[in-house]
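The values are calculated or read from the model by the stated rules, or taken from the named source; none is laboratory data. Note that this is a predicted model, so its numbers are computed, not measured. Backbone-built Cβ (ideal geometry, glycine too); neighbour counts: all protein chains shown. Just the protein is used for accessible areas: all its heavy atoms, side chains included, with ligands, DNA and RNA removed. Shrake-Rupley method; radii C 1.70, N 1.55, O 1.52, S 1.80 Å.
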Amino acid sequence: MKKLAFVTSIIPALGSLVVINRVEPYVLGMPFVLFWAICWVCLTSLFLIITNKIDPANREEE
Amino acid sequence: MNSALLVILFFLVLCIWLGLQARKGKDMSLEQWAVGGRGFGGVLVFFLIAGEMFTTYTFLGASGGAYRSGIPPALYAFNCFYFVIAYWLLPPIWKYAKANNVISQSDFYDKKYNSPALGVLVAIISVVSIIPYLIMQLKGLGIIVAETSYGTISPSMAIVVGVIAITIYVTASGMHGVAWTAIIKDIMILAVVVFMGIYFPLHYYGGMQPMFESINAAKEGFLIFPKEGLSISWFVSATIMTALAFYMFPHMLAGVFSAKSPKSLRWNAGIMPIYQVIIVFSLFIGFSAVLQVPNLQGADTDLALFKMAKMSFDPWFVGVIGASGAMAALIPSSLVLTAIATILSKNIYKVWKPNTSDDQLARLSRVLVPVIALVVLYFTFNGGNSIFTLYLMAYSFMAQLFPALFFSLWKKNPVTVQGAFAGMIVGILMVVYSTISGTTLATLFPSFPQVIKDLDVGLAVLLVNVAVTLSVSVITRKPGVKGEEKNEWTDLAN
């Protein structure tokens, strides 16, 4: 489980470094390169909350 | 006296009052004063640590960067590595600190390596890095208040009054004062930045997409990464370097130590990215200024936000923006001030006079606050360009503390005290040399591919630091003696 938690946390770190360097298509009014970056910030939250859920460390301690 | 000024003054008084209220019912022992008695729940810790993302940078730097250079600094404002590193690194640091009564960042190195001398070195590196950071925050404060008070308050006046305000409540309440004022600061900034970030594109361009389309038409290449200079490779390496340095700052670790449990740190790591997204509104403000106030040059580009605000709103609302900007500068400064005072008393004075009791240290830390404040004021007004050079080096300096901390969290620490010393000193010297001589990977290796030439030089130095740290450790490790007797129970994955 520890290993799985590590993997789910590392995905957004790596994903956020992939830059899609283009203006079009615009999404939510933003150039694609900016939208893509924001997407990964939100995904980081999602992935870390999942990591939190499966990380056994959170059950050991009170 | 105009209405903007009244609003700014009101919030200043509110901050002092809240900061003083915060100490009620607490006896101010060193642990209470420096790290809030390690009793802060998730919400307070959140505002302390996440609040560090909303400093003058959010107001001046992020919008100014987008205004000046478009996408590269805009994307650099987001850093997903912060949170992943926070998730894995902060809980073990917290646990060790709790078990060993660590109250400052330098303390951590001192106890982990059982070497007060290493604690002193770390303390010196940190103070040298963090004072320029403090000064830049104060200079930002001066600009913000002078702009939003329509020039009725001079920058120097604003800086002096601001420093007096935080000195009062930091001396009285320490970390408690910082945490309570941090909450109101963040709420204000959020409201103001989100509002302007939506209002400007709608009002001046009729929407977000029309705004970006007209910028793209007017300035080709502004909305993508260029092939060289601030290229993708710069972005990736600078992002990693900044994230490694981020939590090494003494005031950041003080925030971490103030947490009640490691659970709240993990929870925070998951929530903080959503909070970081809000910086995008600051970027929108900067982008909206590109075609509306097109002629700002040099240092004035950081004023993009205020130029937009003053041509769009009534003075009282400009005052609200000024007040939030002032808090964005002052509250992080108060956290920094608390951390510096703690380090100087615990990790420098106590090493010099080991018999000092914790009560005496607590008193000393608090007496040091106004002293440090005076020194910082002096350098703010007389520092000149050297301060700015030091400020540029601050992140690279702090990154040099990362290897020794990281390896010390392993089950078997491969690094010896000598290794830690050697790595840090070599790293610092290389940063100083490269900054002063203007050396980059491009000047060192002009024939290398652009991908390598654009790499952040701090990251390259860090790799050398790791190599030095590990090889000196191998040489100095005495056979049979391991350096990690004290911390067998820790584990990065724990």
Looking at the stretch A:44-55, is at least one residue over 30 Å from B:LYS95 (Cβ atoms), more than 9 Å from chain B (Cβ to nearest Cβ) and modelled with pLDDT of 85 or more?
no
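For the subset of the stretch B:255-267 comprising residues that are more than 9 Å from every other protein chain (Cβ to nearest Cβ) and open to solvent by 10 Å² or more (accessible area, probe 1.4 Å), which member is nearest to B:VAL127 (Cα to Cα)?
B:LYS260
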Considering each residue of the stretch A:10-42, count those that are more than 7 Å from every other protein chain (Cβ to nearest Cβ), touching a Lys or Arg at 6+ places or on another chain (Cβ under 7 Å) and within 21 Å of B:ALA238 (Cα to Cα), and give that number.
0
Please tell me if B:TRP234 is within 12 Å of another protein chain (Cβ to nearest Cβ), farther than 30 Å from B:GLY36 by Cβ, surrounded by fewer than 24 Cβ atoms within 10 Å (Cβ to Cβ) and out of contact with any Ser or Thr (no Cβ under 7 Å at 6 or more places or on another chain).
yes
Can you find a residue in the stretch B:269-278 that is modelled with pLDDT under 85, surrounded by fewer than 19 Cβ atoms within 10 Å (Cβ to Cβ), out of contact with any Asp or Glu (no Cβ under 8 Å at 6 or more places or on another chain) and not in a strand (DSSP E or B)?
no
Looking at the structure I just gave you, is B:SER434 farther than 22 Å from B:GLU228 by Cα and modelled with pLDDT of 80 or more?
no
Restricting attention to the stretch B:132-155, does a residue exist that is surrounded by 17 or more Cβ atoms within 10 Å (Cβ to Cβ), farther than 30 Å from B:PHE40 by Cα, small (Gly, Ala, Ser) and within 14 Å of chain A (Cβ to nearest Cβ)?
no
Of residues in the stretch B:199-224 being within 7 Å of chain A (Cβ to nearest Cβ) and in a helix (DSSP H, G or I), the one least open to solvent (accessible area, probe 1.4 Å):
B:PHE212
The listed residue being of a type in the set (A, V, I, L, M) and closer than 30 Å to B:LEU141 by Cα, out of B:LEU441, B:LEU401, B:LEU429, B:LEU409:
B:LEU401
Would you mind telling me which numbered condition in (1) farther than 13 Å from B:MET252 by Cα; (2) surrounded by 24 or more Cβ atoms within 10 Å (Cβ to Cβ); (3) under 19 Å from the mean Cα position of the chain (by Cα) B:PHE47 fails?
(1)
Kindly establish whether B:GLY61 is among the small types (Gly, Ala, Ser) and assigned to a helix (DSSP H, G or I).
yes
Could you figure out which of (1) within 14 Å of another protein chain (Cβ to nearest Cβ); (2) in a helix (DSSP H, G or I); (3) open to solvent by 30 Å² or more (accessible area, probe 1.4 Å); (4) more than 19 Å from B:THR55 (Cβ to Cβ) isn't true of B:TRP316?
(1)
Give the stretch A:1-59 a look and list any residue that's open to solvent by 60 Å² or more (accessible area, probe 1.4 Å) and within 8 Å of the chain's Cα centre (by Cα), or say none.
A:ILE11, A:LEU46
So how many residues does the stretch B:71-93 have that are within 11 Å of chain A (Cβ to nearest Cβ) and assigned to a helix (DSSP H, G or I)?
15
